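Written out below as structure tokens is the structure these notes cover.
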Amino acid sequence: MRRATLYHYSLPMEAGVVLRNQRLKSRDGLVVRLERDGRQGEGEIAPLPGFSRETLAEAGASALEILRRWVNGEDPLADGPGLVFAAGAAVPPAPPSAAFGISMALAELDQSLPDAAPYQTVPLCTGDPDGLIPLLAALPGRKIAKVKVGMYEAIRDSVTVNLLLDAVPDLHLRLDANRSWTPAKAAGFARYLDPAHVARIDFLEEPCATPGQSLAFAHDTGIAIAWDESLRDAGLSIQARPGLAAVVIKPMLTGGLSHCRALVEQAHRAGLVAVISSAIESSLGLTQLSRLAAWLTPGVQPGLDTLSLMRSQLIRPWPGSPLPLSTHGELFQTLLEPVARLS
Ligand SMILES: [Mg+2]
């Protein structure tokens, strides 16, 4: 017998979390729980406002339709960015967040998603760089941290990057400009960067507004770049380009598990590093992304350092997090009746 439950959650965010000029007071999403033959699997469906094309209501409506079919014995095939049924061409493909959450629940159910995860992430450096240096110096293994750039003057970013790389000699950085620089500002950042540090910048995500400007920046400066937004907004295909080192894949914004897996394989075939990254999921989604990264991108640390933006965790704890844990019982739930009672 199959049973599906959808839970709605709303987790309070820390004050001051702003996404694309919009304050995010709470993170809202759905948890899908599937049960079959005594086994269970869960997944998170959480479109990110300002980043996802679909709303939570649209993702929820799509998920309900898919789960009704699943409870009635149909099995969806993850195929492309959405989730489609082999025998259900009339059903529109699910939006990425619904496809991802349901495909993760199915992967737990059929035990195709390995349990092993290091629960490590690349720390996101915010605030006073001097205060971060002892933390960065103490990182285990290959030391990597992430710095958001492009929010203030480009020269201030160069100073911060120089300071961190000077202070911790075996530190490597991932930088992310979120397309905020004009070509002139990007050139200004490179001009004030110590040339000896370029090799320790693993990549800089999306320096400029267009992929062409970003590639020109990489060519002119020798700083490796990575695609993130361009993979979705500009619909770029994953292929090797001079100066391109990596692609950042955010499954919640991208689609079902098999689609994400295909993108990772495309990146590897093109000689690129694939980095699994979060779209501010709850601890449930983050622990699953850590397992997914350990499986699909072994040896590459995922970018999952977003839990501290929230005031509580959800259902499954991230090891070591001090935040309180919300349980199923605290969430609003919609139970889809098992097939025996529907027929
Ligand atoms: Mg990015």
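Considering only protein heavy atoms, what per residue accessible area in square angstrom results for segment 204-261 with a 1.4 angstrom probe?
That works out to 34 Å² for each residue.
Just going by the charge dipole of the chain, with Lys and Arg at +1 and Asp and Glu at -1 on Cβ, which of G255, S112, H8 is farthest out on the positive end?
H8
Based on DSSP H runs of at least 4 residues, each adding -39500 (n - 2.57), what is the mean residue ellipticity at 222 nm of the chain after dividing by all its residues, to the nearest 500 deg cm²/dmol?
Rounded to the nearest 500, the figure is -9500 deg cm²/dmol.
Which of A224, A57, A267 moves the most in a Gaussian network model of the chain with Cα springs under 10 Å?
Looking only at A224, A57, A267, the biggest GNM fluctuation is shown by A57.
In whole percent, how big is the carbon plus sulfur part of the accessible area of the chain, probe 1.4 Å, protein atoms only?
55
Going by amide H atoms built from the backbone, whose H comes under 5 Å of the H on L175, apart from near neighbours?
Under 5 Å from the amide H of L175 lie the amide H atoms of V147, F203, L204, E205, each far enough along the sequence or on another chain.
Report, by chain and number, residues whose modeled amide H sits under 5 Å from the one on G303, excluding near sequence neighbours (fewer than 5 apart, same chain).
I276, S277, S278
Loop by DSSP (not H, G, I, E, B), at most 13 other beta-carbon atoms within 10 Å: where is the longest site-free stretch of the chain for GluC sites (Glu not before Pro)?
154-343
Quick one: which residues, 5+ away or cross-chain, put their amide H under 5 Å from the amide H of S326? H built at 1.01 Å from N.
Q313, L314, I315
Among L113, L136, L19, which one shows the biggest mean-square fluctuation in a GNM of the chain, springs joining Cα atoms closer than 10 Å?
Of L113, L136, L19, the Gaussian network model singles out L19 as fluctuating most.
Please list 3J(HN,Hα) in residue order for segment 293-309, calculated via the Karplus relation 6.51 cos²θ - 1.76 cosθ + 1.60 where θ = phi - 60°; whole Hz, with x for glycine and proline.
Values per residue, Gly and Pro as x: 5, 4, 7, 8, 10, x, x, 10, 6, x, x, 10, 7, 10, 4, 5, 6 Hz.
Students often get this wrong, so check it: of K143/K185; K25/K185; K146/K185, which have C-alpha atoms separated by over 26 Å?
In this structure, K143/K185; K25/K185 exceed 26 Å between Cα atoms.
About the Cα centre of the chain, how large is the charge dipole given +1 on each Lys and Arg Cβ and -1 on each Asp and Glu Cβ? Please answer in debye to the nearest 20.
140
Taking square-rooted eigenvalues a ≥ b ≥ c of the alpha carbon gyration tensor, is segment 124-309 rounded, prolate or oblate, where a/c under 1.5 means rounded and, failing that, a/b exceeding b/c means prolate?
Because a/c hits 1.5 or more and a/b fails to exceed b/c, segment 124-309 counts as oblate.
Relative to the longest principal axis of the C-alpha atoms of the chain, give the angle of the C-alpha long axis of helix 257-269, reported between 0 and 90° and rounded to the nearest 10°.
In the chain, helix 257-269 runs at an angle near 30 degrees to the longest axis.
Return the sequence-ordered ³J(HN,Hα) values of segment 53-62 in whole Hz as given by the Karplus equation 6.51 cos²θ - 1.76 cosθ + 1.60 applied to θ = phi - 60°, using x for Gly and Pro.
6, 8, 8, 5, 4, 5, 5, x, 5, 5
Suppose we flag trypsin sites (Lys or Arg not before Pro) only when DSSP calls them loop and at most 16 other Cβ atoms lie within 10 Å. Which is the longest uninterrupted stretch of the chain?
Answer - 143-310.
What does the C-alpha gyration tensor say about the overall shape of segment 95-135? Classify as rounded when a/c is under 1.5, otherwise prolate if a/b is larger than b/c, or oblate.
It is oblate, given that a/c is not under 1.5 and a/b is not larger than b/c.
Provide the per-residue ³J(HN,Hα) series for segment 222-239, in order, calculated from phi with Karplus coefficients 6.51, -1.76, 1.60 and θ = phi - 60°, each as a whole number of Hz, with x at glycine and proline positions.
Those phi angles translate into x, 8, 5, 10, 9, 8, 9, 4, 5, 5, 9, 5, 8, x, 5, 7, 7, 8 Hz.
Looking only at the chain, where both bridge partners belong to it, what percent of the DSSP beta bridges are antiparallel (to the nearest 5)?
Roughly 55 percent of the beta bridges in the chain run antiparallel, per DSSP.
Along the principal axes of its C-alpha atoms, what lengths does the chain span, in descending order and rounded to whole Å?
69, 40, 35
The values are calculated or read from the model by the stated rules, or taken from the named source; none is laboratory data. This one's a predicted model, so the numbers in the text were calculated from it and none came from an experiment. Positions of Cβ are generated from backbone atoms using ideal geometry, with glycine treated the same way; all protein chains shown enter the neighbour counts. With ligands, DNA and RNA removed, areas are computed over all heavy atoms of the protein, side chains included. Shrake-Rupley method; radii C 1.70, N 1.55, O 1.52, S 1.80 Å.
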